[in-house]
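Participant: Just dropping this structure here.
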Amino acid sequence: MSKIDFSHVPVKTGSIYPAPHDAEMAGRASLRLGDAGGLTQFGANLVILEPGAKSSLRHWHEQQDEFVMITKGTCTLIDDDGETEMTVGDCAAFPAGRPNGHHFVNQSDAEARFLVIGTRTPTETGWYSDIDMKIDMNPEGFAFTHKDGTPYSGEDK
């Protein structure tokens, strides 16, 4: 059956960010719906933000498009253009290669959720707008470095 049973989709919490940035993801969880449905060409995740939580560090992708639709509550999109309040049904798009660092923050007092759909590519470089960090991903894994490529040990805040 093609219908995804939410009760069988594990809730993912935590972060792959190095310390101290991993702690900034407290209150964020996601359901990897695309994985649960066996999708391989793009990802589809339901992101859940508790009050005060953020979706990620502000970032942009070189090769991967992202599309977001708010499904519950209110989120604040923070990108290079400033802050934009988004409510149920509002959408945002982040084309690959466009250096517009973005993330979502739940500044309300209730849970918020959004669906994020993104391209899956064999390799990717992601850039973090507010700190000296980037991520390089390939089929063997990922590595965080400074923007100049030197190893990142998490000492920057």
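The values are calculated or read from the model by the stated rules, or taken from the named source; none is laboratory data. Bear in mind that the values here come from a model prediction, so they are computed numbers and not experimental data. Cβ atoms come from the backbone with ideal geometry, glycine included; neighbour counts cover every protein chain shown.
Participant: Return only the number of the condition from (1) part of a loop (DSSP other than H, G, I, E, B); (2) within 22 Å of Phe6 (Cβ to Cβ); (3) touching a strand residue (DSSP E or B) at 6+ places or on another chain (Cβ under 7 Å); (4) not polar (S, T, N, Q) that Ala44 does not satisfy.
Facilitator: Evaluating Ala44 over (1) part of a loop (DSSP other than H, G, I, E, B); (2) within 22 Å of Phe6 (Cβ to Cβ); (3) touching a strand residue (DSSP E or B) at 6+ places or on another chain (Cβ under 7 Å); (4) not polar (S, T, N, Q) leaves (1) as the failure.
Matching residues to (1) among the aromatic types (Phe, Trp, Tyr); (2) surrounded by fewer than 13 Cβ atoms within 10 Å (Cβ to Cβ); (3) outside any strand (DSSP E or B):
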| residue | (1), (2), (3) |
| --- | --- |
| Asp22 | no, no, yes |
| Gly52 | no, yes, yes |
| Leu57 | no, no, yes |
| Gln63 | no, no, yes |
| Thr71 | no, no, no |
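Participant: Still on this model: Looking at the range 34-50, which of its residues are over 18 Å from Ser15 (Cβ atoms) and either surrounded by 14 or more Cβ atoms within 10 Å (Cβ to Cβ) or in contact (Cβ under 8 Å) with a residue 24 or more places away in the chain (or both)? Write out each step before concluding.
Facilitator: To start, the set of residues in the range 34-50 that are over 18 Å from Ser15 (Cβ atoms) comprises 34, 36-42, 44.
Within the range 34-50, Gly34, Ala36, Gly37, Leu39, Thr40, Gln41, Phe42, Ala44 meet the criteria.
Participant: Suppose the filter is aliphatic (A, V, I, L, M) and over 15 Å from the mean Cα position of the chain (by Cα); does Ile16 pass it? Working first, answer last.
Facilitator: On the way: aliphatic (A, V, I, L, M): yes; over 15 Å from the mean Cα position of the chain (by Cα): no.
In short, no.
Participant: Here's another thing I want to ask about it. Output the qualifying pairs, or none if there are none: Cβ atoms under 8 angstrom, residues six or more apart or on different chains, first residue in the range 136-157 and β-branched (Val, Ile, Thr), second residue modelled with pLDDT under 95.
Facilitator: Within 8 Å, the pairs are Thr145/Pro151; Thr145/Tyr152.
Participant: Search the range 1-27 for residues that are farther than 25 Å from His103 by Cβ and pair each with any residue that is of a type outside the set (Phe, Trp, Tyr) and exposed (fewer than 10 other Cβ atoms within 10 Å of the Cβ) when their beta-carbon atoms are under 7 Å apart and the residues are at least 6 apart or on different chains.
Facilitator: Pairs found: none.
Participant: Kindly establish whether Asp136 is over 16 Å from Ser56 (Cβ atoms), surrounded by 15 or more Cβ atoms within 10 Å (Cβ to Cβ) and of a type outside the set (Ser, Thr, Tyr). Don't jump to the end; show me each part of the working.
Facilitator: On the way: over 16 Å from Ser56 (Cβ atoms): yes; surrounded by 15 or more Cβ atoms within 10 Å (Cβ to Cβ): yes; of a type outside the set (Ser, Thr, Tyr): yes.
It is true that Asp136 is over 16 Å from Ser56 (Cβ atoms), surrounded by 15 or more Cβ atoms within 10 Å (Cβ to Cβ) and of a type outside the set (Ser, Thr, Tyr).
Participant: Does the range 110-121 contain any residue that is over 25 Å from Glu83 (Cα atoms), polar (S, T, N, Q) and loosely packed, with under 13 Cβ neighbours inside 10 Å?
Facilitator: no
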